[in-house]
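Asks: Have a look at this one before I ask anything.
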Amino acid sequence: MRDGQIILQDVGVGYRIYREKVSTLKEAVANRFRHLRTAEKFWALRHVSLQIPPGDAIALVGHNGSGKSTLLKTIAGVLEPSEGAAVTQGRISPMIELGAGFDPELSGRDNVYLNGALLGFSHKQMAAKFQRIVDFSELGDFIDLPVKNYSSGMYARLGFAIAQDVEPDILIVDEVLAVGDERFQEKCKRRIQDFRAAGITFVFVSHSLSVARELCPRAAVLHHGRLAFDGPTDAAWERYRELERGPAPGPVFQA
């Protein structure tokens, strides 16, 4: 298996849903086994199979709640499949929840090093990256303020600036191109295009046909946790619109 390859084989991610409610701890203990009997499993993803070769770029399309973010988190290793297998090779840079690992009491500077450590980089390696990250984020002197004082845009810009400097084999992006103003968004897109030109595998969630078409020749449509289409981006959007016009099936449950 080569660096940058992603193989999903019949992947399912399910969660247990308990239909009955309890108001006290005593009730919960007394009814414990009855609750286990009445539990249902909600499938956020079911029977999803995709092969993404090294250097490929694919957009994930679907309505809110269709399973796109769940699939990204499964590819990134944040979620473990309940069934099937998700196999990846190489370093992954997940731009899913930008700044999710930030400590709000620490400065932006300290959070750069903290996030670097979470991504597997030494203090020395992050020191070499630090100025590039600050320059990309355009935070200037704000880098030494506690991030609890940042606006949501500043917070996300720093998160993107860190994530884009980790030299990945696989880049995973979940609707983060709404970061900052229009000029900064274009800067983010150019950086992603640089990654694409370097042959990095790219998986991208988008609700914008123009952006998806610009960045990805291929798209997969998810519909209520299942793969409904995998093919050229324009055709995928047509399939997505067809599904949106049709009757919406309910979520997939299993006792």
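Asks: Assuming D174 fulfils every condition listed in (1) under 24 Å from the mean Cα position of the chain (by Cα); (2) of a type in the set (D, E); (3) loosely packed, with under 13 Cβ neighbours inside 10 Å apart from one, which condition is it?
Replies: (3)
Asks: So which residues in the stretch 229-242 are part of a strand (DSSP E or B) and without any contact (Cβ under 8 Å) to a residue 24 or more places away in the chain? Outline the logic, then answer.
Replies: The first filter runs over the stretch 229-242 and keeps only residues part of a strand (DSSP E or B), leaving 229-232.
The answer is F229, G231, P232.
Asks: Follow-up question, since we're still on this one. Restricting the search to the stretch 220-241, which residues are among the acidic types (D, E) and out of contact with any helix residue (DSSP H, G or I) (no Cβ under 8 Å at 6 or more places or on another chain)? Lay out the reasoning, then the answer.
Replies: Here is the first cut: in the stretch 220-241, the residues among the acidic types (D, E) are 230, 234, 238.
E238 - this is the single residue of the stretch 220-241 that is among the acidic types (D, E) and out of contact with any helix residue (DSSP H, G or I) (no Cβ under 8 Å at 6 or more places or on another chain).
Asks: Keeping to the stretch 85-113, report how many residues are at positive phi and either polar (S, T, N, Q) or in contact with a Leu (Cβ under 7 Å, 6 or more places away or on another chain) (or both). Walk me through how you get there before you give the answer.
Replies: First pass over the stretch 85-113, keeping only residues at positive phi: 90, 99.
If we keep only those that are either polar (S, T, N, Q) or in contact with a Leu (Cβ under 7 Å, 6 or more places away or on another chain) (or both) as well, we get 99.
Qualifying residue count, the stretch 85-113: 1.
Asks: Which one of the conditions (1) over 19 Å from N115 (Cβ atoms); (2) acidic (D, E); (3) not in a helix (DSSP H, G or I) does D165 fail to meet, given that it meets all the rest?
Replies: (1)
Asks: Hey, can you tell me all the residues within the stretch 60-102 that are touching a helix residue (DSSP H, G or I) at 6+ places or on another chain (Cβ under 6 Å) and hydrophobic (A, V, I, L, M, F, W, C)?
Replies: L60, V61, L79, A86, I92, M95, I96, L98, F102, listed by residue number.
Asks: Follow-up. Quick check, is A57 under 30 Å from P217 (Cα atoms) and out of contact with any helix residue (DSSP H, G or I) (no Cβ under 8 Å at 6 or more places or on another chain)?
Replies: Values: under 30 Å from P217 (Cα atoms): yes; out of contact with any helix residue (DSSP H, G or I) (no Cβ under 8 Å at 6 or more places or on another chain): no.
Judged against the criteria, A57 is not a match.
Asks: Being polar (S, T, N, Q) and buried (at least 20 other Cβ atoms within 10 Å of the Cβ): is that true of Q164 here?
Replies: Numbers: polar (S, T, N, Q): yes; buried (at least 20 other Cβ atoms within 10 Å of the Cβ): yes.
Judged against the criteria, Q164 is a match.
Asks: I'd like to verify a number: residues in the stretch 139-158 that are in contact with a Gly (Cβ under 8 Å, 6 or more places away or on another chain) and of a type in the set (D, E, K, R), how many?
Replies: 2
Asks: Name the single residue that is surrounded by the most Cβ atoms within 10 Å (Cβ to Cβ) among those in the stretch 192-216 being part of a strand (DSSP E or B) and of a type outside the set (V, I, T).
Replies: Step one: filter the stretch 192-216 for residues part of a strand (DSSP E or B), giving 201-205.
Still in the list and also of a type outside the set (V, I, T): 202, 204.
Working: F202: 23, F204: 25.
Step by step, filter the stretch 192-216, then rank; the result is F204.
Asks: What do you reckon, is S137 surrounded by 15 or more Cβ atoms within 10 Å (Cβ to Cβ), closer than 30 Å to I52 by Cβ, at pLDDT 90 or above and under 21 Å from the mean Cα position of the chain (by Cα)?
Replies: Details: surrounded by 15 or more Cβ atoms within 10 Å (Cβ to Cβ): yes; closer than 30 Å to I52 by Cβ: yes; at pLDDT 90 or above: yes; under 21 Å from the mean Cα position of the chain (by Cα): yes.
Yes, satisfied.
Asks: Among (1) in contact (Cβ under 8 Å) with a residue 40 or more places away in the chain; (2) within 25 Å of G231 (Cβ to Cβ); (3) more than 18 Å from the chain's Cα centre (by Cα), there is one condition F184 misses while meeting the rest; what is its number?
Replies: It is condition (2) that F184 fails.
Asks: Looking only at strands (runs of 3 or more DSSP E) that lie completely in the stretch 1-111, which have at least 2 residues being modelled with pLDDT under 90 and surrounded by 12 or more Cβ atoms within 10 Å (Cβ to Cβ)? Steps first, please.
Replies: Values: elements: 6-17, 40-52, 57-61, 83-88, 92-95.
In the stretch 1-111, the matching strands (runs of 3 or more DSSP E) lie at 40-52, 92-95.
The values are calculated or read from the model by the stated rules, or taken from the named source; none is laboratory data. In this text, all values refer to a predicted model and were calculated from it rather than measured experimentally. Cβ coordinates were reconstructed from backbone atoms using ideal geometry, including for glycine residues, and neighbour counts include every protein chain displayed.
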